[in-house]
1. Could you tell me whether any residue of region 74-94 is over 19 Å from Ile308 (Cβ atoms), touching a strand residue (DSSP E or B) at 6+ places or on another chain (Cβ under 6 Å), open to solvent by less than 40 Å² (accessible area, probe 1.4 Å) and not in a helix (DSSP H, G or I)?
2. Among what's in region 1-27 and is under 23 Å from the mean Cα position of the chain (by Cα) and open to solvent by less than 30 Å² (accessible area, probe 1.4 Å), pick the residue that is farthest from Val288 (Cα to Cα).
3. Any idea which residue in region 341-351 is surrounded by the most Cβ atoms within 10 Å (Cβ to Cβ), counting only those that are among the β-branched types (Val, Ile, Thr) and in a helix (DSSP H, G or I)?
4. Does Val346 qualify as being β-branched (Val, Ile, Thr) and either closer than 30 Å to Arg110 by Cα or in contact with a Leu (Cβ under 7 Å, 6 or more places away or on another chain) (or both)?
5. Are any residues in region 6-51 without any contact (Cβ under 8 Å) to a residue 12 or more places away in the chain, over 18 Å from Ala129 (Cα atoms) and not polar (S, T, N, Q), and if so, which ones?
6. Just one of Ala70, Ala48, Ala43 is modelled with pLDDT of 90 or more, open to solvent by less than 60 Å² (accessible area, probe 1.4 Å) and not basic (Lys, Arg); which is it?
7. Any idea which of Ala198, Ala173 is open to solvent by 40 Å² or more (accessible area, probe 1.4 Å) and either modelled with pLDDT of 80 or more or at positive phi (or both)?
8. Do you know which residues across region 324-340 are buried (at least 23 other Cβ atoms within 10 Å of the Cβ) and assigned to a helix (DSSP H, G or I)?
Amino acid sequence: MDFLASLGILLLCGLALGSICRKLKLPPLLGMMAAGMVLGPYAFNLIAPEILHISSDLRQLALIIILTRAGLSFDIQELRKNGRSAVMLCFVPAAAEIVGYVIFGVLLLRLSWNEAALLGTVMAAVSPAVVVPRMLKLKEAGYGTDKGIPQMILTGASADDIFVIILFTALLAMSGNGGSFDIHFLWKTPVSILTGIALGLLSGWLAAAFFMRFHMRDTVKIVILLSVSFFFVALEHTVGAWIPFSGLLAVLAMGAMLMEKHTVCAKRLSVKYAKLWVVAEILLFVLVGATVDVRYALQSGGMILAVIALALAFRMLGVYLCVVGTTLTRRERLFCMLAYTPKATVQAAIGAVPLSMGLACGQMILTAAVIAILVTAPLGAFLTDLSYKKLLNKQQRSDQA
């Protein structure tokens with residue numbers, strides 16, 4: 001099929017099925033993934049080979065948009081204000097879930113420990129696409145705001161994704177030689193993290209100074225930031241053999257520094273990136289659905305689903321450890337545990353990366369990512385929507401008093 005015709009079908013089908021899911025009170029991304037499965041090479045094969053050939057590049061573009069949005073919305077002051085629990089939510093639940101995947105990935109899926117750890121880093125991120133809209137809704141309605149629960153989950157979820165992506169890039173670098181342990185990983189990983197963050201912070205500081213000095217349309221600023229982000233990713237491949245460097249962390253750090261130094265601009269650009277995400281989201285989830293081998297998923301899905309459930313239990317335990325000893329009641333703690341379970345955006349963005357690199361565990365990781373999205377995104381959204389009125393207190397707004 002012609003490239004443009006195929007792209008049109010891809011976008012329209014993804015948009016249509018996503019809208020149907022939205023009407024059914026389900027995350028639209030489920031419809032987009034279903035569209036990809038139907039249109040993909042394992043079903044009706046209506047996606048042009050040229051699109052599938054650049055599929056990994058398009059997913060990386062979506063990941064760049066995700067990371068920039070995360071950086072532009074990452075407020076370190078809000079993190080400090082929400083205290084110890086918010087700080088712990090940034091990494092403890094994800095770390096606990098990764099431990100679960102290492103244990104059960106080795107025991108039940110017969111993966112090596114580093115393959116299981118790589119699977120864990122793909123799966124451990126909470127989904128901003130599911131969590132953020134719901135927590136904003138709770139803030140506006142006043143549910144849990146007396147103890148800052150929506151704010152705490154919002155802040156923790158953003159940093160949770162950052163923490164997981166740092167670990168993912170580190171383990172991916174270690175697995176790049178076919179999955180065997182590379183002794184150079186011990187020094188390359190921290191160096192790549194430091195160089196990536198350092199260059200990103202410097203670029204964010206320069207961008208803030210440039211935007212304050214020269215007035216221009218926000219659209220032009222987005223083009224500049226995207227161009228710099230592309231440069232970071234390309235630089236990782238160019239200089240990585242001599243100087244370890246993480247392009248994705250540089251993208252994220254640049255957005256965070258811009259938020260710190262030029263908050264007004266960062267908030268405006270975050271809104272613009274949200275509009276840009278509308279198209280990127282369709283491409284991301286449709287193309288992820290298209291890469292899924294349905295027959296393999298049916299054969300291995302049962303065991304993978306069991307591992308996902310066991311790892312989620314570890315995650316919920318991690319959330320409980322973050323909020324235990326606080327003023328939150330048992331019901332409020334339970335709500336935090338439920339709200340921190342959905343998977344979607346990050347899994348779609350990075351789930352196919354190991355497969356595109358030719359890793360032996362790539363197909364299993366991609367299948368696990370898809371199953372996790374299909375199960376936890378609607379389930380987490382449903383449980384959050386169903387439980388918040390029962391588990392959280394509603395604070396009366398001052399204008400209604």
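1. No: zero hits.
2. Checked region 1-27; the qualifying residue farthest from Val288 (Cα to Cα) is Cys21.
3. Going residue by residue through region 341-351, those that are among the β-branched types (Val, Ile, Thr) are 341, 345-346, 350.
Checking which are in a helix (DSSP H, G or I) leaves us with 345-346, 350.
Working: Thr345: 29, Val346: 27, Ile350: 26.
The qualifying residue surrounded by the most Cβ atoms within 10 Å (Cβ to Cβ) is Thr345.
4. yes
5. Gly8, Leu12, Phe44, Pro49
6. Of the residues listed, the single one that is modelled with pLDDT of 90 or more, open to solvent by less than 60 Å² (accessible area, probe 1.4 Å) and not basic (Lys, Arg) is Ala48.
7. On the way: Ala173 fails: either modelled with pLDDT of 80 or more or at positive phi (or both).
So the residue among Ala198, Ala173 that is open to solvent by 40 Å² or more (accessible area, probe 1.4 Å) and either modelled with pLDDT of 80 or more or at positive phi (or both) is Ala198.
8. Looking only at region 324-340, we keep the residues that are buried (at least 23 other Cβ atoms within 10 Å of the Cβ), and these are 335-336, 339-340.
Residues satisfying the conditions are Phe335, Cys336, Ala339.
The values are calculated or read from the model by the stated rules, or taken from the named source; none is laboratory data. Remember, predicted model here, so these are calculated numbers, not experimental data. Don't worry about glycine lacking a Cβ; one is built from the backbone with ideal geometry, like all the others, and counts go over all protein chains shown. Surface areas here come from the heavy atoms of the whole protein model, side chains and all, with no ligands, DNA or RNA. Shrake-Rupley method; radii C 1.70, N 1.55, O 1.52, S 1.80 Å.
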